[in-house]
Amino acid sequence: MCGAELKTLPESVQRVARELEQLGHPHAPVMLDGAARTAQEAADALGVQLGQIAKSIIFRRKSDEAAVLVITSGDRRVDEKKVAALVGALGRADADFVRGRTGFAIGGVSPVAHTHKPVTLIDRELLRFGEVWAAAGHPHGVFRLAPADLERLTGAAFANVTQELAT
């Protein structure tokens, strides 16, 4: 991505683009025509399966007010009890908390380039796919990556953090 292209992006997407470039990630953010505030909207806009959307869910850890980022497959629901067992008791994160801790608005939280480094867990269900898409700091911004790239880009580990599917 050249400097001129970068300047046309929203500041939060520019921040993600710079970090991805610094980390040697080969895929720059792209801006979708429509908003992708939900995993379904993103999947529809990209023409991919819902599970290929790496959605970012933010919780507030009660003990120290740290942001806890759970990157999960778009077709799965986070199991808060499983997350709490790994990182400590959780509370809800409102829009002000999310923006203050991550630098991103809800609906555009990227797995990288946070203003304050969160505690991060990655849903192992993402490993079902060769390619996934994550938010790039804005409701219209996304970037492509392999699930294993999440581990490298965030320094976080894969974990069992989702609810069991009904059989």
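The values are calculated or read from the model by the stated rules, or taken from the named source; none is laboratory data. Small disclaimer: the values here were computed from a predicted structure and weren't measured. Here the Cβ positions follow ideal geometry from the backbone for every residue, glycine too, while neighbour counts run over all protein chains shown.
Odds and ends about this structure:
- The residues of region 18-47 that are among the aliphatic types (A, V, I, L, M), assigned to a helix (DSSP H, G or I) and closer than 13 Å to residue 134 by Cβ, listed by number, are 20, 39, 42, 43, 46.
- Options 150, 165: the member that is closer than 24 Å to residue 44 by Cβ and part of a helix (DSSP H, G or I): 150
- Of the listed requirements (1) of a type in the set (Asp, Glu); (2) modelled with pLDDT under 95; (3) more than 18 Å from residue 133 (Cβ to Cβ); (4) surrounded by 14 or more Cβ atoms within 10 Å (Cβ to Cβ), residue 80 misses just one: (2).
- Subset of region 3-17 [closer than 19 Å to residue 144 by Cβ and modelled with pLDDT under 50]: 5, 6
- Pick from region 25-39, criterion in contact with a helix residue (DSSP H, G or I) (Cβ under 8 Å, 6 or more places away or on another chain) and under 15 Å from residue 106 (Cα atoms), ranking: surrounded by the most Cβ atoms within 10 Å (Cβ to Cβ): 36
- Scanning region 139-157 for residues that are farther than 26 Å from residue 85 by Cβ, under 11 Å from the mean Cα position of the chain (by Cα) and not aromatic (Phe, Trp, Tyr) returns a single hit, 142.
- Restricted to region 88-144, and to residues there that are among the aliphatic types (A, V, I, L, M) and over 28 Å from residue 33 (Cβ atoms), the residue that is surrounded by the fewest Cβ atoms within 10 Å (Cβ to Cβ) is 89.
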